[in-house]
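Take a look at the structure below.
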Amino acid sequence: MSHANLPANIPRHVAIIMDGNGRWAAARGRSRAFGHRKGVEAVRNVARAASNLGVRYLTLFSFSTENWNRPTAEVDALFELLRRFVAADLDKLHEEGVRVRILGCREGLSNEVLSLIETTESRTVDNNRFFLNIAFNYGARNELVRAARRMFQELGEGTVTFTEDQFEQYLDTAGQPDPDLVIRTSGEYRVSNFLLWQSAYAEFYFTNVLWPDFGEAQFRAALEAYACRDRRYGGVHHG
């Protein structure tokens with residue numbers, strides 16, 4: 001793909017709260033499960049666009065720890081992101097140098113899903129051309145609690161002084177840069193317990209577009225909006 005007319009100042013790490021599958025399906029008289037399946041196609045399109053446009057890290061919020069409260073049929077459809085995208089495309093992702101990491105809690109997941117996660121992560125562990133994170137059975141508060149538990153288990157519960165850099169090594173995203181840009185689709189203006197630590201200084205972009213309709217054009221629009229932001233990290237811009 002040509003890199004002509006690319007937005008300036010490409011963010012290194014983009015995170016997306018993928019929302020609106022159910023409403024997209026309802027507007028067409030279809031089931032929410034159908035909407036989630038169409039959402040998987042949007043995942044493919046956006047992952048390809050992000051890689052082609054120069055983004056190095058892409059994190060997608062696919063299934064939250066709160067989603068277990070939804071009807072069984074919809075939960076099963078949400079699981080299809082792993083089966084229809086990660087599993088089905090694993091050979092291609094590996095060939096293209098994509099490292100896939102699954103963020104989130106592993107407790108309570110079926111042996112089938114755990115096996116899929118292990119296979120995916122181990123197969124792509126040495127890839128470094130593009131980094132794709134799938135937040136699955138993920139909640140940021142849960143992540144922080146799990147990180148604290150691991151840190152105290154490793155360093156000892158008597159540990160009372162530690163740095164932010166030390167703590168970050170126990171997060172699900174350890175070793176990766178924080179997201180520069182967080183996108184949420186479908187017109188909602190919430191972070192929904194997503195990357196609370198990592199997005200402390202991220203820029204946010206909200207769009208009314210429902211996730212199944214979010215493609216390269218919409219992704220470019222978000223990058224162009226980001227390029228106009230003045231990121232000061234608490235400081236003062238000197239220009």
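Worth a mention:
- Residue selected from segment 72-107 under the condition under 21 Å from His13 (Cβ atoms) and of a type in the set (A, V, I, L, M), by the criterion modelled with the lowest pLDDT: Leu81
- Any hit, segment 121-139, residues being on the phi > 0 side of the Ramachandran plot and either out of contact with any Asp or Glu (no Cβ under 7 Å at 6 or more places or on another chain) or without any contact (Cβ under 8 Å) to a residue 60 or more places away in the chain (or both): yes
- Boolean, Thr163 is β-branched (Val, Ile, Thr) and at pLDDT 95 or above: no
- Residues satisfying the stated conditions in segment 1-36, i.e. of a type in the set (D, E, K, R) and either modelled with pLDDT of 85 or more or part of a loop (DSSP other than H, G, I, E, B) (or both): Arg12, Asp19, Arg23, Arg28, Arg30
- Residue that is farthest from the chain's Cα centre (by Cα), among those in segment 15-32 that are aliphatic (A, V, I, L, M) and under 24 Å from Asn133 (Cβ atoms): Met18
- Single residue of Asn127, Asn142, Asn133 found to be in contact with a Ser or Thr (Cβ under 6 Å, 6 or more places away or on another chain) and under 24 Å from Val55 (Cα atoms): Asn133
- Test: residue in segment 56-67 that is at pLDDT 90 or above, surrounded by fewer than 22 Cβ atoms within 10 Å (Cβ to Cβ) and not in a strand (DSSP E or B): yes
- When Leu171, Leu114, Leu103, Leu144 are screened for being aliphatic (A, V, I, L, M) and free of Cβ contacts under 8 Å to residues at least 12 places away in the same chain, only Leu114 passes.
- The set of residues in segment 126-170 being in contact with a strand residue (DSSP E or B) (Cβ under 9 Å, 6 or more places away or on another chain) and surrounded by 12 or more Cβ atoms within 10 Å (Cβ to Cβ) consists of Asn127, Phe130, Phe131, Leu132, Asn133, Ile134, Ala135, Phe136, Asn137, Tyr138, Gly139, Glu143.
- Long-range neighbours under 8 Å by Cβ, at least six apart or interchain, first residue more than 18 Å from Arg106 (Cβ to Cβ) within segment 147-168, second modelled with pLDDT under 85 and β-branched (Val, Ile, Thr): Phe152/Thr159
- Selection within segment 202-234 - at pLDDT 95 or above and in a loop (DSSP other than H, G, I, E, B): Ala202, Thr207, Asn208, Val209, Leu210, Phe214, Gly215
- Among residues that are at positive phi and either small (Gly, Ala, Ser) or touching a residue at least 24 places away in the same chain (Cβ under 8 Å) (or both), Leu223 is not included.
- Among residues that are modelled with pLDDT of 85 or more, polar (S, T, N, Q) and assigned to a helix (DSSP H, G or I), Asn52 is included.
The values are calculated or read from the model by the stated rules, or taken from the named source; none is laboratory data. Bear in mind the structure is a predicted one, so any value in this text is a computation, not a measurement. Positions of Cβ are generated from backbone atoms using ideal geometry, with glycine treated the same way; all protein chains shown enter the neighbour counts.
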